[in-house]
Amino acid sequence: MLTLLEQLDKGTLWQSPGGIHPPQLKTLSNQSTIARLPLAQRFVVPVPLVGEQAILTVAVGDQVLKGQMLTEGTGFIYLPVHSPTSGRVIAIEQHATNHPSSLPTLSCIIEADGQDAWCELIPHSLEQLSKNQILDKIKYAGIAGMGGAAFPSHVKLNPASEIDLVIINGVECEPYISSDDRLMRDYSDEILKGIGVIHHLLNPQRIIIAIEDNKPEAAKAMQDAVQRSTLPTGVVRVTVIPTKYPSGGEKQLIQIITGKEVPSGHIPAQLGIVVHNVGTAYAIQEAIYQGKPLIERVVTLTGEQIGQPGNYWLPIGTTITDALSAVNFSQSNAQKVIVGGPMMGYALADLDVPILKGTNCLLAPSHNEIAPDVDEKACIRCGECAIACPALLLPQQLFWHAKAEEYDKAASFNLKDCIECGCCSYVCPSDIPLVEYYRVAKSALKIEAEEKHQAEQAKIRFEARLQRLEDEKNAREAKAKEAAAKRQASMKSTDKDAVAAAMARIAAKKAQATSATTTPEAPQSTVDPKKAAINAAIERAKAKKATQANTVSRDDELVTSTADENVDDKQAKIAAAVARAKAKKAAQANSESTAQTPNSVETTVAGTEPSADAVDDKKARVAAAVAKAKAKKLAQANQTDDTVIEAEPTTDAVDDKKARVAAAVAKAKAKKLAQANQTDDTVIEAEPTTDAVDDKKARVAAAVAKAKAKKLAQANQTDDTVIEAAPSVDVVDDKKARVAAAVAKAKAKKLAQANQTDDTVIEAAPSVDVVDDKKARVAAAVAKAKAKKLAQASQPDIDEAASQPTVDVESTVNIKPDVALTDASDSADLSPEQVKKAKVAAAVAKAKAKQLAKRAEQEEQ
Amino acid sequence: MTSIFIAVAVLSILALVFGVILGFASKKFKVEGNPVIDQVEALLPQTQCGQCGYPGCRPYAEAIANGDHINKCPPGGTATMEKIAELMGVEQEPLNAEAQSSVKKVAYIREDECIGCTKCIQACPVDAILGAGKLMHTVIAKDCTGCDLCVEPCPVDCIDMIPVETTLQNWDWKLNSIPVKVIQPEQEEQTC
């Protein structure tokens, strides 16, 4: 048993299956040497890889030289495109390309300048270059397979596996084509040099130049060249193979030369075999030894329609129109121009398309040469196609499924192994264009596979997106949880309480609105920030008002008072002052009616007292004392003198001067009030008490108090029924007292409202007077005077009860600002800041009083 | 008499042995989930367009496995329906009326009109739209499934569904059955 190499050396050939013997018409074009046509004016160079793997290096209007690179790119299978001649880029646009579809492809349109000037060429010898440099040079020369498939040659010259055998394909089995034939005859030495480069790169054990026996001249020329070549003897060998179509097919040729079949879905390199075209070998030689890129190739222009058939060097990018017109192409009606051979070529729809690297033949046959398309008839299942098929397929089955569009079934009959050689169509007695069906089926399968791939990608992306959304959602939730936990941890003392306080406020308001009894919340006691304090103060004030208005039980008040104890800042004081002022007014409003309930007055006192104690400020104390005193006075006015004694100890506790003064004033007032109820002498009695007080202000305040007392007394006198109600209230328990108070209040309000319009004006004036002591005193004096007059006026006419109340109420309303005035005048001695605040408090108090009055008016209406 | 007992005993032993084998096999070779769902899903085009009324191809595959109609997938077209019919062993059903158009389309954003609202990005089931807030968006045509879902949310209506361009790579030889004739535009002569 001979080894493969021995058999190769011996020239043993194997049979390839199938195949046909179409009539040979190579003589039409192979009689003359390869000629050159005059330079065309316009070249169309497709740059299909631009945008995918490459970028353009030229722009419209650029001057280019012959051989200049038009694109630049990376990527293993990227091949550069070169300018076929010197000239100018006149357009870069979509142009129909040399393809069965004639679809437009991005192309550089180059206008030749006629110089045909080369760019700088760098020739090398093999010794100068490393293998990688050689491969790069081949790559950047843009060399692609010249046999028709135009696969980048540098890829095939740099295989992953060891190459034992290189086959140089000079078979050229298509009936009309003779470009390789002529190339071998005319450029055998150059081809051998190219083979030398391939040998240098791959270092195979054997290089077989395969030539069909219908080209004896070419075989002889190559044989001679091999003899002349410097390659090691015995490595290169010319093998003549019998003529049969399609022996030139890569897999068929391998089978003929070696007897090995390339498995389906594999490439020959996996068997250690590489097949290169003779044209490629020539181009490699040009690239290495001359530095010329692949910008022209031998094209067979043949067919009976062509006047001068033959082989021509055509620059790549020459349009087929130009090429044909240069060889006296006579266009007949509906005549096709076929690119490639008659067996595998395709008819062009448009002749303004360029010659490409794989375009080896342009066939312009007459009607005699190729029969016009005939209608296909039904498949008779003769099986001729199966005999002819070089790939050992079952063409009729493929046809069956392809026609039924059952492409997956066609695929199961190994459709992908069809080389589209056309043997089956050639032998078909029913004139079925079988290859057309296979091409359709193949493209459908390809599209299907592509869609499936896209669907998989889409699914992956969809799932990735879902995963991402899910992750984002989880992350968001985790973050929110974390933030919540953090918030919870950080708001321990302050925020939580603030929130609670706010909630309490809301609750308190609601309670106020719905029921009269409000119970301010205990949480206020822990409030320390300003706002909270203010809120608490307002809360308190409201609560007090509510209690005063409705006589809430004492316990509730104590709660609010404890809340006050913690209040230590200024605003709180102001608020407290405001609250006090309100309380006073409310108390006064109650007292106006003279149906003053002891309970309510006492509770207000109880409420304000502790708060005043807690407040360490002088002013606050003073104000508190004043408030206390007044409240007591009011209470006493209705009851007895005993309360005055009760008031004294509380005031004694206050160690401050002013406090004492205020207390004295209060005492005096209380006495006066008490006396007013009994006799008119109280005014005289009150005077000595004021003597004891050394301060002028105290006197003023006392005067004011006196005036008030009088007025109140007068009011009591006028309305006997109210006086009668008061004692009764003392006796009865809370409920009844409340009822009575409510009745009294309502009455008082009515009375007050009768005179309200005028009162508000009078009230506003004194508030301005608060500014300094003098004015205050003047105002106080005025007030006093008024009060006296009123008192005098009311005294004689006791019977005029109907008219009097209005006057009384007027006077009481006048007293209100006076009270504020006294407070303000007291505070004026302290600090300007405090004075301001006091004033503010007074103003607020006044405003509140007005509001109360108005509200009462509205209620009445 | 003894032969009866032997027979009963032998059959009982056999029953026991086979029972154990079957029990073991059912545990050992237990199939998780419904394999039909995966098979149906593999046939669906994975556009995730929701035209079937389900939120994605997988839910529709599940629905088909549970006996839903097989004609609800417009992107898959008749071919997909036929495959599913074959797989499920059910009668073929004509596709819904609106599902006839089989031309594959991809979304295209008219970029100078895009206001950068990101709504289309949120709508895209396959993350094929690229962009950021207040910046121009664009569609990665390669990844676009042509599901139409981005068209609706666009507030400025700047998304077009354009048919996929025919290139040399995806050109269908079927078109060649009608001889290709290139009609040159008039202007081309003037420019050349």
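The values are calculated or read from the model by the stated rules, or taken from the named source; none is laboratory data. Model, not experiment: these values are computed from the prediction. Neighbour counts run over all protein chains shown; Cβ positions are idealised from the backbone, glycine included. Please note that ligands, DNA and RNA were not included when accessible areas were found on the heavy atoms of the full protein model with its side chains. Shrake-Rupley method; radii C 1.70, N 1.55, O 1.52, S 1.80 Å.
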Fill in the blank from the handout: Among the DSSP H helices of chain B, those whose Cα atoms extend at least 15 Å along the helix axis and whose mean Kyte-Doolittle hydropathy is -1.0 or higher are B:2-28, B:77-88
Exercise for the section: Name the longest site-free stretch of chain B, where the excluded sites are GluC sites (Glu not before Pro) in a DSSP loop with no more than 12 other beta-carbon atoms within 10 Å. Expected result: B:33-90
Completion exercise
A student applying the Cα gyration tensor rule (rounded when a/c is under 1.5; otherwise prolate if a/b is larger than b/c, oblate if not) would label segment A:4-363 oblate
Problem - Shielding score for A:457-470, defined as the mean number of other chain Cβ atoms within 10 Å - result: 5
Practice task
With an 8 Å cut-off on Cα pairs and a minimum separation of 6 or more residues, tell me the relative contact order of segment A:53-153 in percent.
Solution key: 24 percent
Problem - Net charge of Cβ neighbours under 12 Å - reference B:Tyr60; Lys, Arg +1; Asp, Glu -1 - result: -1
Exercise for the section: Subtracting the Cα-Cα distance from 0.36 nm times the residue separation, let me have the gained length for A:Leu5 to A:Ala347 in nm, one decimal. Expected result: 118.9 nm
Practice task
Using only alpha carbon pairs under 8 Å that are at least six residues apart, calculate the relative contact order of chain B and give it in whole percent.
Solution key: 15 percent
Practice task
Mind grabbing the interface size between B and A? I mean buried accessible area, both sides, 1.4 Å probe, in Å² to the nearest hundred.
Solution key: 2800 Å²
Problem - Modelled FRET efficiency - R0 60 Å, A:Gln15 with B:Val17, Cβ distances, 0.05 increments - result: 0.55
Exercise for the section: Quick one: which residues, 5+ away or cross-chain, put their amide H under 5 Å from the amide H of A:Arg297? H built at 1.01 Å from N. Expected result: A:Leu314, A:Ile316
Fill in the blank from the handout: Percent relative contact order for segment A:393-509, counting Cα pairs under 8 Å at least six residues apart, stands at 19 percent
Exercise for the section: Work out, step by step, the length gained on full extension between A:Ser412 and A:His367: first 0.36 nm times the residue separation, then minus their alpha carbon distance; give nm to one decimal. Expected result: 12.3 nm
Fill in the blank from the handout: Mean Cβ-within-10 Å packing, highest first, puts peptides A:184-190, A:272-278, A:364-370 in the order A:272-278, A:184-190, A:364-370
Handout entry: Accessible area per residue, Å², segment A:382-490 with all protein chains present, probe 1.4 Å
Key = 58 Å²
Handout entry: Average other protein chain Cβ within 10 Å of Cβ, residues A:442-448
Key = 3
Completion exercise
Rounded to a whole number, the mean other protein chain Cβ count within 10 angstrom for residues of B:166-172 is 6
